[in-house]
Amino acid sequence: MAKPDESALRVRPGCVTPAPPPELIARLSNRRRSLSRQQTVEGILRGDRAILAQAITLIESSRTADRALAEQIVEDCLPHSGRSIRVGITGVPGAGKSSLIEKLGAYLTGKNDAGEPGQKVAVLAIDPSSRVSGGSILGDKTRMQSLASSEMAFIRPSPSRGSLGGVAQRTREAMLLCEAAGYRNILVETVGVGQSETAVHEMVDFFLLITLTGAGDELQGMKRGVMELADLIAVNKADGANLAAAERARNEAENALHYFPRPPNGWTPRAIACSAQTGMGIVELWNYVLEHAGLTKTNGWFSVNRLNQTRRWMHEIIEQGLKQRFESHPTIRRRMETLERDVEEGRITSFHAARTLLDIYSDPKLSDAR
């Protein structure tokens with residue numbers, strides 16, 4: 001039998017990633033599992049990008065065996081993590097998030113004025129998911145080809161699969177592995193912008209909102225959602241004939257920030273104009289990230305925020321685990337369909353059905369009594 005074509009897994013710009021054939025999934029899974037836990041951890045710690053990519057694929061897997069190994073790998077890498085700056089990046093559609101990230105990544109990975117080597121950068125680009133296959137639709141790696149070719153950069157597009165805020169379910173674990181691999185700058189690009197996108201704010205140190213001229217209506221809609229969480233607003237595409245309009249948009253955004261309460265970390269949010277095309281404002285942008293990190297580390301907020309995020313992460317894992325166990329419980333699965341039909345036909349309320357299922361889950365002996 002001919003080998004299945006592995007090109008079936010490649011993401012093409014503007015295309016939905018097709019679901020690979022089962023025999024290919026099995027073959028790639030066996031290849032992944034050919035590395036032991038120790039070999040995988042050692043590969044991550046020495047910065048092997050191929051092994052890092054395999055490990056992230058492992059933590060994104062829904063297979064029980066893969067999840068068990070993935071958790072062990074994350075535990076082993078945990079002592080080597082935490083020494084990065086985590087930046088969440090979101091923005092209105094068409095704002096040029098990927099282009100700006102590529103320009104920022106090129107600046108960070110390039111040599112500085114003293115001729116010293118650049119810094120390693122990991123980009124975790126959260127792609128929208130196809131509702132059919134669950135695969136990535138856009139394929140951010142294909143839109144950052146220049147940065148992807150750098151040995152100092154690691155780019156990982158992952159499907160959001162409907163996860164809250166467009167943040168992939170395993171993004172936190174992926175960040176830890178990237179940190180263990182020596183990446184000191186972690187950039188998390190989210191799907192889009194909206195109320196639910198605030199989920200990314202719960203896992204990063206610095207929150208960047210990218211907008212553009214003519215986005216007044218979008219900014220107005222963000223005021224009680226994303227905008228008030230932003231540490232910095234970057235008005236992109238400030239070049240050519242659009243430069244004056246971008247500066248006006250920057251002033252509008254900065255004025256709008258004054259209406260929000262000052263963040264408890266002592267930082268004063270601000271707005272800048274920048275251009276992913278010309279590179280204008282990129283250095284200023286990163287200097288603000290460093291200034292924010294310096295301030296919060298000095299006043300202790302950096303550590304407090306990380307601890308709070310870790311605690312919330314634990315509670316999210318508990319919630320996800322309980323939901324998974326509840327939905328896979330054989331008695332619950334057996335009664336669910338009947339109760340759903342009763343609710344749809346108006347025989348019982350949603351509250352009564354939910355309470356019945358929760359009671360059965362707590363005490364399966366109640367199943368026969370109901």
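The values are calculated or read from the model by the stated rules, or taken from the named source; none is laboratory data. Note that the structure is predicted; figures quoted are calculated from it, not measured. For neighbour counting, all protein chains shown are included, and Cβ atoms are generated from backbone atoms with ideal geometry for every residue, glycine included. Please note that ligands, DNA and RNA were not included when accessible areas were found on the heavy atoms of the full protein model with its side chains. Shrake-Rupley method; radii C 1.70, N 1.55, O 1.52, S 1.80 Å.
The residues of region 228-351 expose on average 61 square angstrom of accessible surface per residue, using a 1.4 Å probe on protein heavy atoms.
Taking amide hydrogens as placed 1.01 Å from N in the peptide plane, the amide H of D205 sits under 5 Å from those of R86, V87, G88, each at least 5 positions away in sequence or on another chain. Take the Cβ atoms of A241 and T268, set R0 to 25 Å, and the FRET efficiency comes out at 0.20.
Here the Karplus curve 6.51 cos²θ - 1.76 cosθ + 1.60, taken at θ = phi - 60°, turns the phi angles of region 293-306 into couplings of 5, x, 5, 6, 6, 5, 8, x, 5, 4, 5, 4, 5, 4 Hz, with x standing for Gly and Pro. Rolling a 1.4 Å probe across the protein heavy atoms gives region 42-133 an accessible surface of 45 Å² per residue. A full extension of the chain between S34 and R355 corresponds to an added length of 111.0 nm, given 0.36 nm per residue minus the alpha carbon distance.
The trypsin sites (Lys or Arg not before Pro) of region 74-116 meeting both criteria, a DSSP state outside H, G, I, E and B (loop) and at most 15 other C-beta atoms within 10 angstrom of the site's C-beta, are R83, K111. Relative to the current alpha-carbon distance between R347 and R46, full extension at 0.36 nm per residue lengthens the span by 102.2 nm. For L212, the residues 5 or more places off, or on other chains, whose built amide H falls under 5 Å of its own are N236. Here's how it looks for I155: its modeled amide H is under 5 Å from those of V123, which are all 5 or more places away or on a different chain.
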